[in-house]
1. Give me a comma-separated list of calculated 3J(HN,Hα) values for the range 360-376, in order, Karplus coefficients 6.51, -1.76, 1.60 applied at θ = phi - 60°, integers in Hz, x for any Gly or Pro.
2. Does anyone have the angle between helix 391-403 and the longest principal axis of the chain? Alpha-carbon axes, 0 to 90°, nearest 10?
3. Percent of alpha carbon pairs in the range 637-719 separated by more than 18 Å?
4. Taking the Cα centre of the range 534-711 as origin, sum charge times position over the Cβ atoms of Lys and Arg (+1) and Asp and Glu (-1), and report the length of that vector in debye to the nearest 20.
5. Assuming a ≥ b ≥ c are the square roots of the Cα gyration tensor eigenvalues, decide whether the range 534-711 counts as rounded (a/c under 1.5), prolate (otherwise, with a/b larger than b/c) or oblate.
6. What FRET efficiency comes out for the pair Asp22/Val585, r = Cβ-Cβ distance, R0 = 45 Å, nearest 0.05?
7. Restricting to the chain, what percent of DSSP beta bridges are antiparallel, rounded to 5?
8. Taking the Cα centre of the chain as origin and charging only Cβ (+1 Lys, Arg; -1 Asp, Glu), how large is the dipole, in debye to the nearest 20?
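Nothing in this text is a laboratory measurement; each read-out follows from the coordinates by a stated rule. Model, not experiment: these values are computed from the prediction. Here the Cβ positions follow ideal geometry from the backbone for every residue, glycine too, while neighbour counts run over all protein chains shown.
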Amino acid sequence: MTLVSFVVPAYRVQAYLRECLDSILDQPFDDFEVIGVDDGSPDSSGDILAGYADRDPRVRVLRLPHNVGLGPARNAGLDRAAGDYVWFLDSDDWLAPDCLPEVAARLRATTPDVLVVDHVRRQWNDSAGHSAWAEVLPTRVDEDTIDLVERPEVLRLLHVAWNRVLRREFLLDSRLRFAPGWYEDVSFTYPVMLAAERIGVLDRVCVNYRQRRTGAITRTRGERHFEVFEQWDRVFRWLDGQEAAGDPDRAARVALLRPVVFERMVWHYLTVLGNGERIAPRLRQGFFARITADVRRWSPPGGPPVPPGVAGVRHRLVTGGHWGTFAALRRANKVGRTARRTVRVVRRRAVPALRTGRNALGYGYYRAQLSRPIDEDLAVYAAYWYRGYACNPAAVYEAARRLAPQIRGVWIVRRDRVDRLPSGVEYVVAGSAAYHRVLARARWLVNNVNFPDFVVKRQGSVHLQTHHGTPVKVMGLDQQRYPVGATGMDFAGLLRRVDRWDFSVSANRFSTEMWERAYPAAYTTLEYGYPRNDRLVTATAEEVDRIRARLGLTGPGPVVLYAPTHREHLPRYHPPLRPEALLDVLGPTGRLLLRSHYFHDRERGRRQVSTGRVLDVSDHDRVEDLYLVADVLVTDYSSAMFDYAVLDRPIVVYAPDWDAYRAARGVYLDVVAEAPGAVAVDFDGLLDLFRSGGVWSAAAAAARHRFRERFCGLDDGHAAERVVRRVFLGELSATEG
């Protein structure tokens, strides 16, 4: 018999599901099973569950034919559970490390019907907000199990299913199930607590409760929040049924606890109403009226209990149905909060403009231009912090010129990069008056990084974030857990920039998962493939020959491109590479192309001297040219491997500092275990791969095939067209429509 069955329903949680599952499977305890319930999820959640089940026999997957909602999905998992205990863990939350042995020890020692555990609220900035545990239970509970009549304050702990481990036979005997609809925890948790004869309390943080910026019902506005009344109605009807069941002891117990449950009901209603992100203004008076009706309907004998202080004032207003006074107090509080927020916003927008060296005149000119109409035919493009014409924005620009010629495209570039623009490309110089004007008035703003903080998201404008690689290293908010590689990052500012995005281009399903997790906001994901990779599919042999000729790569012999990534935490790092030794192995006709990361474009010390068969191509504008002429790519943790894999040519992962890099910088993908080809962890090993032919071996080809199937399925030569049709022309694909 398994001790614990984890029931993990999954719906639109592809960005968080892996962390949830890993937190369970990595516990130093294995007497459990995981039942992953795919609740008809339209994203990759079901595939993620299936992948874990294939790799770990402790994981089983239940696929529901259509979306039924969290409550019924939990019921379906409960029906498949075989453990003595069931733990309903939400798929966007995760267990605290090493907590399960302590939970298991308590379960085995005391055999409670319910074991309540503590949690922390994990905010987007990775800060931990404590639960109400210390307030509710200021002194340690020493008893193995407690009686609610003696400790009714336990009912004030957050009324959710995931902070309770439940004896399965108790649930089955009590016939307690989750109801459908929102706020399903309410009508399950309170009956469970009141029906339980043995309740254990474990003062141990076991669950990280994720506070999502988007996707949670607490951040969703709509009429479905009225379903909270149905859930509380179920609670009180259950209480009435218990009192009428003919068991005097049970009736007396329920009567004693009813006032506590009533107080929690009113608290919950006011919490939902007070959250401005849930109840729209036009619905608030109606919601308030429903609260008043329930207060009068379910009030315990002797009148409703009234808490002290401000909470008591709200209770009295609700009981009396005084909506006007309640709304006036709410408005007064909101005015104060709005005034304080306005001051912060003004400071935030003005100060960075001056701090980054942008003169006050230019910033003032930009602000003035915001009062002018949006230019409905203007699109502004930028790449790599204005370093030039490159990457996905360049591919989108070229497709837009062909498919939407009525749209005027203007590039923003640094002054030192102007002479590198292709002929015929209209541009403005970063920092100029024209620069501020087009930024203020463009309808479309396209970039593979973020525009500066001072840029305002105007109503009617469209911001397209193309990104510039499939992420190996952690990005965005995930960098908070790796502070060594995130020195100086302003994560609050990052999210303000992300909130401007309307569309986010994704190269593959893996990237979609990582971007949604690293950059949580309300943008629309365009999982279309990377526009810059279209050229790798469509380039002709004649085009490749022309590029080779420009680079001086005439004649036979293998061309190896070495493209390592940047190490933010090691600014002076130089990869251990001896070009001459590698060329000796490649033979007399071999050539080596060296390309440093674009962050080093102004650092002379990063440049190699092009001599003979070694060519420094760091200044070459279009990296796609280099992919096309290279016979082999050698890289470490760079996204270059995902792009180059489109060509189905050999890739070598040269990872001399892999353990240190993933510990300091953090990674999403184990590129050593899941490499797109052969792997070397030191320079001698790299030479041996070329010397022995391991670079071109059948094993390396098989690894590349698996890698291509996972990451390159969308690279068909039409990604840029898909982006232009969706973003500029408003056309939906067959699957989107």
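1. Here the 3J(HN,Hα) series is 4, 5, x, 5, x, 5, 4, 4, 5, 5, 5, 7, 8, x, 5, 7, 5 Hz.
2. For 391-403 against the chain, the angle is about 80 degrees.
3. 43 percent
4. So the dipole magnitude of the range 534-711 works out to roughly 220 debye.
5. Rounded, because the longest to shortest axis ratio a/c is under 1.5.
6. For R0 = 45 Å, the calculated efficiency reads 0.70.
7. 20 percent
8. I would put it at about 3840 debye.
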